[in-house]
1. Could you grab me the full set of residues in segment 63-90 that are farther than 12 Å from PHE104 by Cβ and among the hydroxyl-bearing types (Ser, Thr, Tyr)?
2. Under the condition of being outside any helix (DSSP H, G or I) and loosely packed, with under 14 Cβ neighbours inside 10 Å, which residue from segment 80-96 is farthest from the chain's Cα centre (by Cα)?
3. Kindly list the number of the only condition in (1) at pLDDT 90 or above; (2) part of a helix (DSSP H, G or I); (3) within 29 Å of the chain's Cα centre (by Cα) that fails for LEU50.
4. Please tell me if GLU108 is of a type in the set (Asp, Glu), open to solvent by 70 Å² or more (accessible area, probe 1.4 Å) and touching a helix residue (DSSP H, G or I) at 6+ places or on another chain (Cβ under 8 Å).
5. Given (1) in contact with a Ser or Thr (Cβ under 7 Å, 6 or more places away or on another chain); (2) part of a helix (DSSP H, G or I); (3) open to solvent by 40 Å² or more (accessible area, probe 1.4 Å), identify the lone condition not met by VAL37.
Amino acid sequence: MTRPYSEDLRERAVLRYEAGETTRSIAAALRISPSCVSKWLKLRRETGSLTPGQVGGHKKRTLSGETADWLRERCRSVPFTTRGLAAELAARGVKTDRRAVWIFLHAEGLSFKKNRIAGRANPS
């Protein structure tokens, strides 16, 4: 992702606009798009500042906090599948999918492996 334009450039654009230039002439002179100039003017009107907003960020995980505690306890108590866990979470009102459940389980080191030999009759 690219960096936002500097505040110095933003200030120069706004000063030129206040001096009477059009947004298109400012954009051509500073080699930026006209929409940048108009957005900076709007930002200055609404906030009084030309500081750029946050770029990117972090989305909090759905399976955290109380939900994560419940999920850990659930996985340790009885066998599970990712599809089943996703359905149980949906029943509890947590909107998630199988992949998010799998990522959580993988990160926590939780797994359920079926024992194929345990289900067979003794061949003796």
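1. Hits for segment 63-90 are SER77, THR81.
2. Residues of segment 80-96 that are outside any helix (DSSP H, G or I), as a first pass: 80-81, 92-96.
Within this subset, residues satisfying the condition of being loosely packed, with under 14 Cβ neighbours inside 10 Å are 81, 92-93, 95.
On the way: THR81: 26, ARG92: 23, GLY93: 20, LYS95: 15 Å.
Taking the candidates together, the pick is THR81.
3. If we test LEU50 against (1) at pLDDT 90 or above; (2) part of a helix (DSSP H, G or I); (3) within 29 Å of the chain's Cα centre (by Cα), just (2) comes out false.
4. On the way: of a type in the set (Asp, Glu): yes; open to solvent by 70 Å² or more (accessible area, probe 1.4 Å): yes; touching a helix residue (DSSP H, G or I) at 6+ places or on another chain (Cβ under 8 Å): yes.
When the stated conditions are applied, GLU108 passes them.
5. Only one criterion is unmet by VAL37, namely (3).
The values are calculated or read from the model by the stated rules, or taken from the named source; none is laboratory data. Note that the structure is predicted; figures quoted are calculated from it, not measured. Backbone-built Cβ (ideal geometry, glycine too); neighbour counts: all protein chains shown. The protein model used for the area step is the full one, side chains on, heavy atoms only, and it has no ligands, DNA or RNA in it. Shrake-Rupley method; radii C 1.70, N 1.55, O 1.52, S 1.80 Å.
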